1. Just to be sure before I move on: is residue A:205 out of contact with any helix residue (DSSP H, G or I) (no Cβ under 7 Å at 6 or more places or on another chain) and charged (D, E, K, R) in the structure I sent?
2. Restricting to region A:125-166, name every residue that is at the interface with chain B (Cβ under 9 Å from one of its Cβ atoms) and among the acidic types (Asp, Glu).
3. Could you pull out the residue among A:18, A:12 that is at pLDDT below 70 and crowded, with 18+ Cβ neighbours inside 10 Å?
4. Check every one of the helices (runs of 4 or more DSSP H) wholly within region A:131-249 and list those with 2 or more residues that are among the acidic types (Asp, Glu) and surrounded by fewer than 22 Cβ atoms within 10 Å (Cβ to Cβ).
5. Those residues that are among the polar types (S, T, N, Q) and under 28 Å from residue B:281 (Cα atoms), I need them from region B:214-253; list them, please.
6. Working carefully through the options B:197, B:151, find the one that is within 12 Å of another protein chain (Cβ to nearest Cβ), over 22 Å from residue A:235 (Cβ atoms) and within 26 Å of the chain's Cα centre (by Cα).
7. So is residue A:283 loosely packed, with under 15 Cβ neighbours inside 10 Å, of a type in the set (Gly, Ala, Ser) and not in a loop (DSSP other than H, G, I, E, B) or not?
8. Which of the residues that make up region B:263-313 are charged (D, E, K, R), more than 24 Å from residue A:136 (Cα to Cα), modelled with pLDDT of 75 or more and assigned to a helix (DSSP H, G or I)?
Amino acid sequence: MSEETKIRLRKKKSELRKSWFRTAKTEKGKWLRFYCCLAAVAVVLFIAFFGKYFAPYDPLETDYAAKLSAPGGSHLFGTDNVGRDVLSRILYGAGNSFMLTFIMIAIVSVLGTVIGIVSGFFGGFLDTVIMRLTDILLAFPDTVFAIAIVGMMGPGLLNTVIALSFVWWTKYARMARGLASVIRTKDYITEARFGGVGTAGILFRYVLPNIVPQVVIMATLDVGGMMLALAGLSFLGLASQPPTPEWGYMLYEGKSYLQTAPWIMIFAGLAIFVTVIVFNLLGDSLRDILDPKEN
Amino acid sequence: MVKYILKRLVQLVVVLLGVTFLTFMITQATPSDAAEMKYVSMGMMPSSELLEKTREEMGLNDPVIVQYGRWLGNVLHGDLGESSKFGESVWTQMTKKLPMTLKLAGVSLVVVILVSFPLGILSAVKKNKAADYIIRFLSFFGVSMPNFWLALLLMYLFAVKLGWFKVVSTDSIQGMILPVATLTIPMISSYARQIRAALLEELNANYVVGARARGIPERRIIWGHVLPNAILPIITLLGLSVGHLLGGAAIIETIFSWQGIGNMVVEAIRVRDYPLIQGYVIWMALIYVTVNLIVDIAYRCLDPQIRLRKRVD
């Protein structure tokens, strides 16, 4: 994919994507939608981090007498093959899934942004090398690459984190590089230099603040995708180690009991689904508000 | 154009070299020892002298770059090594499983085109009517649905509850329905929306107003003018999602026990069958990069704005 076509396509794609959910036309409507999404995300986050205090059972406690019991009664979401309470496992798993997602997003956004800024601001040979590297990495569908890396390094949580970081930083690097190389040529940078501000000062005081909002939008939009990527890998049994409750792995376990205990996979999947929807909506409305093209 | 294609071919070779190098290096970095693996797979516990001798024979003591060169040479001859799991050459495994994956991806692509275009067009033409709302609502769910969950739900509903299909997919039209549905539903949702958006954008263009003012029937405006203009970027995006289809197939294939390369590689990962994993990565890279190249060239040939070197932006 040549650079030119790529940029054109990406623009086209983001233009088209933007109009997906956009129903609010007025400025007030946009903000109202944003606050609604924010509230929904707050509820999901609250459940994710404090849900375990409301869990009716210990997520690891087995109860063979009640194994594979259907939802209802003393187990609202039913139990799994060793009699563990599905609701409690989902509530505990939420913390794990979210923690991991946020850690991953933090790693890739910081790593990508730093590499991108250095690449774009200083340019030259380093820039060429970094951009060719992102070319190679972007030449792949990300699931395939992540699966391949985990495959070669061996299954496990740490290797999953490494594999996904390896694939996802490029997005942030590309964006930060693009912005940094534009900012570099601005008059205020030249003026700051004349004013005696050092390179580090310029990077932190003038370049970084101009890039951070875009990074935040991208990161918010990525929460859903990252959660799906993680869940996908642990669904394949490549990431999480049992018996830690984690949503993707619960789905993996639930798959084996599809015929006798479908509720395991239904509720674990529902948890992922709702989270992804809520974060996608927030990301979309955030972009609606902050997109400089709109204002 | 010829110059452009040549340039792209050179880029393609560079990307492939990079991918093979990364693949090789990551395998090198793994803690497991190929010589030891060889004996363990035969059920033997070798002594350290024997191990050292085997390492020497297998060339594992040579500098990494020499090993990479030798490995690459073999790869270029189609020799990707031998799969320890299947006891066959990786090449045989790949040629056996790849057609299944391509079949799944190909059928899915056709289904996506056949379904998403009518839905997108209907949604755009009937903007803000009942049909539009229904399509938008359903496609919103389709886009956000994790594909592995969708697969399990479809399987539960149609295979377990209703008993219409077998839980394990077979290589028949009936066996393909559920995997294809799982692969296509998110894509159809996404494309229906994009086609709708592209059409609506085009419908606002001045030439449409002009055509309407001249009394040209709405049907002719849409089919004759708006659609051809709006469709090009969509076609290109569709081409690019071939890679997505092939990649996403790994999870779907595992769920439905579809005997393609995605299923194969997940198995290979579980037993750490490195040659097979390497073969998978190289083949995927090759297919993906080639598809990208074709799409890119097609785009340049089809889009008059690029063809005539006039840039809008």
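1. yes
2. Within region A:125-166, A:135, A:142 qualify.
3. A:12
4. Hits in region A:131-249: A:187-194.
5. Residues of region B:214-253 that are among the polar types (S, T, N, Q), as a first pass: B:229, B:236, B:241.
The answer is B:236, B:241.
6. Only one candidate passes the filter, namely B:197.
7. no
8. Listed by number, the residues that qualify are B:267, B:270.
The values are calculated or read from the model by the stated rules, or taken from the named source; none is laboratory data. Keep in mind it's a predicted model, so treat the numbers as computed, not measured. Because the Cβ atoms are built from the backbone with ideal geometry, glycine has one as well, and the counts that use them run over all protein chains shown.
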